[in-house]
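Okay, so here's the structure we're looking at.
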Amino acid sequence: MGMNLRTKRKIRRLVDKVALALSVAVLLAPCLFVFFWMVSLSVKYDIDNTAWPPVFWPEQVTFDNFAKVFDESPMLLYFWNSVQVTGSATLVALLLGVPAAYGIAKARAHKMAAVLLLSRMTPGLSYLIPLFTLFQVLGLIGTVWPIALTHMVITLPIVVWIMIGFFETQPHELEEAARIDGATLWQAFRYVALPLSRPGIVVGAILAFISSWNNFIFGAVFAGRTTRTMPVAVYNMLTFESFAWGPLAAAAIVVMLPVILLTIVIQREIVQGLSAGGVK
Amino acid sequence: MTRDSIPRPISRRRALQGAAATTAAWVGGLAAPMLNTVTAYSQSGAFNWQRFKGQTVEVLMETGPRADLMKKYQKEFLDQTGIKLGIEVIPEQQARQKVAIELNSGKPSFDVFNFAFHVQKRQFEKAGWLQDLSPWLKDSQMMPAEYELGDVSKMGMGFATTSDGQINALPILCDYFMVYYNKELFAKKGVAFPKTMDEMMAAAAKLHDPANGIAGFVGRGVRNANVVLWTQLLSGWGQETISRTKPLTLLTDTPDAIAAAEYYKKMLASYGPQGVTGFNWNEAQGLFMQGKAAMWVDATGFAAPVEDKTKSRVVGKVGYGLPPSGPKGHGSVTFGTGMAVPKAAAHKEAGYFTMLWMTGRAMAGRMMQVGGGIPFRTAPLKDPAILSTLTVPKEWADCAAGCAPLSMSGLPVIVPVTEFRDVIGTALTNLLGGADAATEMKRATAEFKPVLDKSEAA
Amino acid sequence: MIVFPWIFTIWMSLHDWHIGSKQTFVGLDNYIALATNRRFLESIGHTIYFTILAVVLPMVLGTVSALVFHKKFRGRGFFRTIFIMPMMATPVAVSLIWTMMFHPQLGVLNYLLSTVGLPPSEWVYSPNTVIPSLILVEIWLWTPFVMIIVLGGLASLPTEPYEAALIDGASQWQMFWNITYPLVLPFLVVALIMRTIDALKVFETIWAICNGGPGTSSEVLNVYLYAQAFAYNQVGTASAVVVVFFAIIVALSLILLWARQKAKWA
């Protein structure tokens, strides 16, 4: 009997393990396949990219597609533009958003939070025409600043949303003690709440960074030849006179690489922070 | 950015003017008139390419062979004129949006740009956004003999002329519709190239072989883009989309229009590939280049990729043929592209020089040579120096030359042409899903009529 | 920055303005025209259809994957990183890759179907399959987002109730339904709200993959709005669409927020 039970348990554990492995495999397969296919397209000539049956492993690896991407457009400039736009949109979102979130969380001003949520809900497209007109009047068109400014419409609500969650779950005791000791609200924020919420700030910054980096539509309308951001540059790889899968895939990889690398480096913080932000 | 780095003594005043103009455009929706204060004319002498040297011209080009050529030879232009080019290249659809928004703002970021006569001309004309070039074309200081203005085809100049007689663009490229066909597949089935539309239908039926993944016919099925394939078929009934006289009347639900729609439906639904409803020219091209479609009807500009060994499996097997004739007519729908200088541009004269160079004789020849398209000129089409150095088959050039006398208008010249294409295009897409041709064409025509009437009344 | 566009939009929605011609005040005409515009009304239908699928499926799959990734196993961090990569990927770029995969003759997806003996699909190239195919992309992109939020909920669970339940001999399913589910519910609601807002606003993927086609079969509100504003240059009509669209989003979000408060106190 004893033996039997142990074998049963063993089998049960094995079955569990196999089931787990299978489900992990099933969950990861679509993700891996799309990325694999993207890489595969990018290192083959188009004649193989459109072949049937498809060529999965290139017989002849070529980097021509990547060369084409860098030859045909000043990718490094676009990269720099993206860094400027995303960097400043993230920075300003943090500078404004973190104190704002603190105020909202402490004052329990849910109406304010709702207003911010509204701005997250507004379709980005609806900003385009009015803002374009505004930027023209201000003479900003042709620089990267209109793009950075519009990206703040995206980044700010993200930071505030996540930070409110953080501040609300923080223990109040420390700050209250500080307030009793005569600290102002600002001081309580600066010296007590802020250091405690570092993980939240990291996540807010990352998510703001990624959503700004990946944004296409604002750049598409506001960017000119010298102010284009990376996603716009990728879309522009769609050529008029021919079907160009290889260069497109190569461009897609170039634009995604920075955010993917970022994800790999700090995935733990993202997972922790997003979940904490969700508690609210 | 580059433009701002050029010293401009009165840039502050210009900026203020720009802002004022923008406000005016924004408040009143009026075209913003701007005075040209930048360039000083030299008072005498003959045409001199170096006249506006030192300026930087911002160019907005739609993605395509023209833009590639321009980039390739910009150094040559700089040496010739001392004008530096800043070339922005963006895909057609985006470029059209950008041009409209920027011109409307009264302060475009470009000095010269290219556009499609059939899509944008009327809108620009009504808004008065473009510089009238007529005085310059007559001015010997502004028009070099080497441009051979007289060689530009009548049709091209017609496209570039507004309804009140101004010339506000220079034609650069003319796109006809032709038939690309796979000679190998034709030979295998013993099919001759069709001369009539009935023969084309019969040929498609014979060549269609879904078991082996071969479509008898491929063409645009996707909404909007599909309209021009239908108007090509409609030319076989000798008809265009809209009346030539005012008031403009839609001809999209006439018995002939419905017959053409039925032909379109039968051809694509019976002998087209699966999913053709979502095909634009690029999906169609991909299929044809893989040798999986026997015939493909589309514009002339695609010879280069079709004959490119790194992309195409049908290199050397492609035939180029005239569109077949229909029961009542024989046509090849034609689309024109031009270049223009906005009234509000910062460097109008230098922009105009850039345009002279791009639409001139030498560049036209180069465009031909690489199969990039057919210029609105007659001399390059007959020039042996060009014809002997084509990088695409000569059959292509011959076919394009043969299309010229068959030329018909493929789209109505109206302001809301994109809506026209979307509404009629949706009807055509519905046909491929099994809808009735007469019902759909009548419904779409009724749906679009108020839009047209409103736009004509404005 | 936020207020100016709104004043402008509302003002413009009362005008007839085609870019390049004069603006004329028309009162509520734009709204009245929209009320009978078949294409506009259909786009509302498409938006609702799309949103329901694009919310429910990632929610279910995201929750399931969170349960899987909540288990401890070797290499969990590594696999989880791979799993969340799609949500970080640039949507426009991803959409273009999917478009290539969807090609009915040359695309890799139909080849994969054929290897398991299934007939080819027309994917985004047929009005019948376009929305479900777009949903595939949406699931691919956003399941990780739901997963992460739910994972956070699972991580915050106390262990005591489970120990008690185990002693009482409760089954796995009973434990999930009676303990895990109610405790994780607030997290699910957060994910639901975010997902709904994003799904309602979907634009870039649909625009880049099929631009609302074939025909208008996948034209959601945002894509319709884009056509009016930037393809037709009808700023007046487009502004009216924005106002109606926004009203729909606000109404839905209020319902969801209300549900969230309920869940919090439940």
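Coordinate-derived values only; no laboratory data. In this text the structure is predicted, and so the values were computed from the model without any measurement. Note that each Cβ is placed from the backbone with ideal geometry, even for glycine, and that neighbours are counted across all protein chains shown.
Overview of results
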quantity	calculated
Cα point-scatterer Debye curve for region A:31-136, base-10 log of I(q)/I(0) at q = 0.11, 0.13 Å⁻¹	-0.71, -0.83
Principal axes of region B:274-422: Cα extent on each, largest first, Å	50, 43, 35
Dipole in debye (nearest 20) - the protein assembly as shown, about Cα centre, beta carbon charges: Lys, Arg +1; Asp, Glu -1	1740
Convex hull projection area averaged over all views, region A:2-42, Cα basis, nm²	2.9
Spherically averaged projected area in nm², based on the convex hull that wraps the Cα atoms of region B:107-254	14.2
Amide H within-cut-off set for B:Met408, under 5 Å, with H built and near neighbours excluded	B:Ser332, B:Val333, B:Thr334
Top positive-direction residue, dipole computed over the protein assembly as shown with Cβ charges, set B:Met70, A:Asn65, B:Met358	A:Asn65
Cα convex hull volume per residue for region A:204-265 (Å³)	91
At 0.890 mPa s and 25 °C, Stokes D of region C:1-132 from Kirkwood alpha-carbon radius, µm² per second	123
Inter-chain shielding of C:136-142 (mean C-beta neighbours from other protein chains, 10 Å cut-off)	1
Order of C:Thr99, B:Thr418 under a 10 Å beta carbon neighbour criterion, fewest first	B:Thr418, C:Thr99
Convex hull (Cα only) mean projected area of region C:100-208, reported in nm² to one decimal	9.9
Other protein chain Cβ atoms within 10 Å, averaged over every residue that makes up B:353-360	0
Sequence-distant lysines (8 or more away, or on other chains) whose Cα lies within less than 24 Å of B:Lys348	B:Lys53, B:Lys71, B:Lys72, B:Lys75, B:Lys84, B:Lys98, B:Lys107, B:Lys121, B:Lys126, B:Lys138
Candidates A:Ala148, A:Ala223, A:Ala25, ranked by Gaussian network fluctuation over chain A, Cα under 10 Å, top entry	A:Ala25
Rule-of-thumb Rg ratio for region B:212-327 [Cα; 2.2 N^0.38 Å; N residues]	1.15
Gyration tensor (alpha-carbon) shape descriptor, region A:30-88, a/c threshold 1.5	oblate
Cβ crowding within 10 Å averaged over residues, with C:101-107, B:84-90 ranked highest first	C:101-107, B:84-90
Region B:160-228: C-alpha pair distances exceeding 17 Å, %	61
Nearest-20 debye value, region B:340-458 charge dipole, Cβ charges on Lys, Arg, Asp, Glu	420
Folded to 0 to 90 degrees: helix C:235-265 orientation relative to chain C principal axis, Cα	20
Diffusion constant of chain B at 4 °C, which comes from Stokes-Einstein with the Kirkwood Cα-pair radius and 1.567 mPa s, µm²/s	56
Relative compactness, the protein assembly as shown, computed as alpha-carbon Rg over 2.2 N^0.38 Å	0.99
Within a Gaussian network of chain C (alpha carbon springs, distance under 10 Å), most fluctuating of C:Met12, C:Met194, C:Met88	C:Met88
Residues of type lysines that B:Lys195 reaches as a straight line, Cα spacing below 29 Å, ignoring anything fewer than 8 places off in the same chain	B:Lys154, B:Lys183, B:Lys206, B:Lys265, B:Lys266, B:Lys292, B:Lys317, B:Lys328, B:Lys382, B:Lys394
Taking N as its residue count, the alpha carbon Rg of region B:369-458 over 2.2 N^0.38 Å	1.62
Set of aspartates and glutamates with alpha-carbon distance to C:Lys201 below 19 Å, sequence-local pairs under 8 removed	C:Glu42, C:Glu138, C:Glu219
Packing rank of B:191-200, C:235-244, C:213-222, A:53-62, where each peptide gets the mean count of other beta carbons within 10 Å, highest leading	C:213-222, C:235-244, B:191-200, A:53-62
Highest-first arrangement of A:67-78, C:40-51, B:428-439, where packing means the average Cβ count within 10 Å	B:428-439, C:40-51, A:67-78
q = 0.15, 0.17 Å⁻¹: log10 I(q)/I(0) that the Debye formula gives for region C:3-265, counting C-alpha atoms only	-1.14, -1.29
Alpha-carbon centroid distance for the pair region B:305-366 / region B:154-223, whole angstrom	15
Angstrom value of the Kirkwood radius, inverse mean 1/r, which spans all Cα pairs in region A:64-279	18.9
More than 12 Å apart - percent of Cα-Cα pairs taken over region C:1-56	74
³J(HN,Hα) computed for each position of region A:206-217 - Karplus, 6.51 cos²θ - 1.76 cosθ + 1.60, integer Hz, glycine/proline x	5, 5, 4, 4, 5, 5, 6, 4, 7, 5, 10, 5
Partner chain coverage, peptide B:290-298 - average Cβ within 10 angstrom	1
